[in-house]
Structure formats: C-alpha cells, structure tokens
1. Sticking with the crude label model, points 7 Å out along Cα→Cβ, report the distance from T2 to F193 in nm, one decimal please.
2. Inverting the mean 1/r over all pairs of different Cα atoms, compute the Kirkwood radius of the stretch 105-155 and quote it in Å.
3. For the stretch 1-156, just the Cα set please: Rg and Dmax, both in angstrom.
4. Using a cut-off of 18 Å between alpha-carbon atoms, which aspartates and glutamates can reach K36, once sequence neighbours fewer than 8 places away in the same chain are excluded?
5. How high is the relative contact order of the stretch 113-225, in percent, counting Cα pairs under 8 Å that sit 6 or more residues apart?
6. Could you work out the relative contact order of the chain? I mean the mean sequence separation of Cα pairs under 8 Å and 6+ apart, divided by the number of residues, in percent.
7. Gap in Å between the Cα centre of the stretch 113-152 and the Cα centre of the stretch 1-78?
8. Along the stretch 142-154, what does the Karplus equation 6.51 cos²θ - 1.76 cosθ + 1.60 (θ = phi - 60°) give for ³J(HN,Hα), rounded to whole Hz, x for Gly and Pro?
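The values are calculated or read from the model by the stated rules, or taken from the named source; none is laboratory data. Remember, predicted model here, so these are calculated numbers, not experimental data. Glycine gets a Cβ as well: all are built from the backbone with ideal geometry, and neighbour counts include every protein chain shown. Calculation scope for accessible area: heavy atoms of the full protein, side chains included, ligands and nucleic acids excluded. Shrake-Rupley method; radii C 1.70, N 1.55, O 1.52, S 1.80 Å.
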Amino acid sequence: MTLKYFGHSAFQIITDGGISILIDPFITGNPFAKTKAEELKADFIIVTHAHGDHLGDAQVIADKNDTTIICVPELAWILQEEGFKTHELQIGGSYSFPFGDVRFVKAEHGSAMPDGRYAGLAAGAVISTGGKTIYHAGDTGLYGDMKLTAELYEIDYFLVPIGGNYTMDFKDAALAASWLKAKLAIPMHFNTFPVIEVDPAKFVQAAERHGVQARIMGFEEEITL
Ligand code: NI
Ligand code: MN
C-alpha cells in the first residue's frame, strides 16, 4: 500500500489490491502538484468538505461510472445533480467499502461550495485499510473530542493541518498528534497561500517534544505504508 502527497491536503492511497483512493484532490491551482488532474484516476474520492482547496478537481477526476465520491450528504446531493456517483457518509457514521472502513469525524470548520452554496458540515476521515489506520483531519481547529477518536482507533498515520489561520497551527497540531498517540504524524495544509506559511520543521520539533514522531512528505513523494 502506498501514500502519495500532492501538497496542501491532497493525498492518494493505492491499496495492495490496486484500489486508488484520492483525498481532497486539489490539483489545479495547487502550486505544489506537478501531476495534472486529468492524469489521475480514482476508484474512490474522499472529500472532507466543499471548499475549493479540498473539493478541488474531484469532478474533473471522477469517472461518472466508476468513481464513488465519499462525502457528507448535503455535498453528495449537489454532486448527484451533476451526475456523479456518491456515497453519503455523515459525521459519526462509518461504512465498509471494498478497500476498508471509513468513519467521518467532526472537523471544527465551515463548508460551502466554491460558489457559496450550502454543502453541509466539514469532516475528517478515519480510513482503515490494509491493516493500517489513517486519519486525515481535513480542515479543523483543535477540539477536545479528538480524544474520542483516540479512544476509538489506534492511529498509524495522522495527516494534520499545521498552517494556522483556517485550521490548527503547528503547536495545536502537535498537541492533537499527542492526544491521538499517532505512530506517525504528517503535516499538511501549509505554505500554499501566504496566510498559512509556516516552516513544517517547527511542527516536527513540536511533535517530538510531545513524544510523537513526525515526517514531512515531499511534494509528489510516495511512501509505503
Ligand atoms: Ni476549508
Ligand atoms: Mn482548506
């Protein structure tokens, strides 16, 4: 199983069975992504919320016959009207997909389509696949119920926003990683825009002070999970 990072909050998991899962595929306009959205293929696309830097190229990449977009119901209804195949998953709910289980958890954040239409709540996604558990926190501020997620899951990989302003900053993110007892924390959602500029090495140091191992993924880097 591999995990690839495209910068911002965009990741791709490819399972040992060859299932491609994209998360928040913001590719076009993402200064760190070298891949073109049209080159990406996905069996599933998990969209944490409808903001343009997360919904991103989901509609460009999704094959209306073969790709299932996993998102909250209110966003799913909009995508269904556009002809896309969706799976409606609400916060607190989990479902078994062919690649494994996904639970949506709370994200302390807003959500709306890029044109301003209401698109439900913002979520984080806990993905259990190939014997590993990956928690993509979406866009979120620090909140205490992350401790509930820590009680429910052993988190192997914590993909966490560190850029501040719209989300947690690197210090909050390090505290969250310690609550979650994450085996490895990977920073995201930084340096894409001026207001979220931060040196990710500061996050790695802060996480280590909390006893959590962290690793900065390079842009378009792929690691084996
Ligand atoms: Ni957002
Ligand atoms: Mn964002």
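1. 3.1 nm
2. This gives a value of 12.1 Å.
3. 14.3, 40
4. Filter leaves D24, D53, D57, D63, E220, E221, E222.
5. Values: 207 pairs, mean separation 23.2, N = 113.
Relative contact order of the stretch 113-225: 21 percent.
6. Relative contact order comes out at 17 percent.
7. 15 Å
8. 5, 9, x, 6, 4, 5, 5, 4, 5, 6, 7, 9, 9
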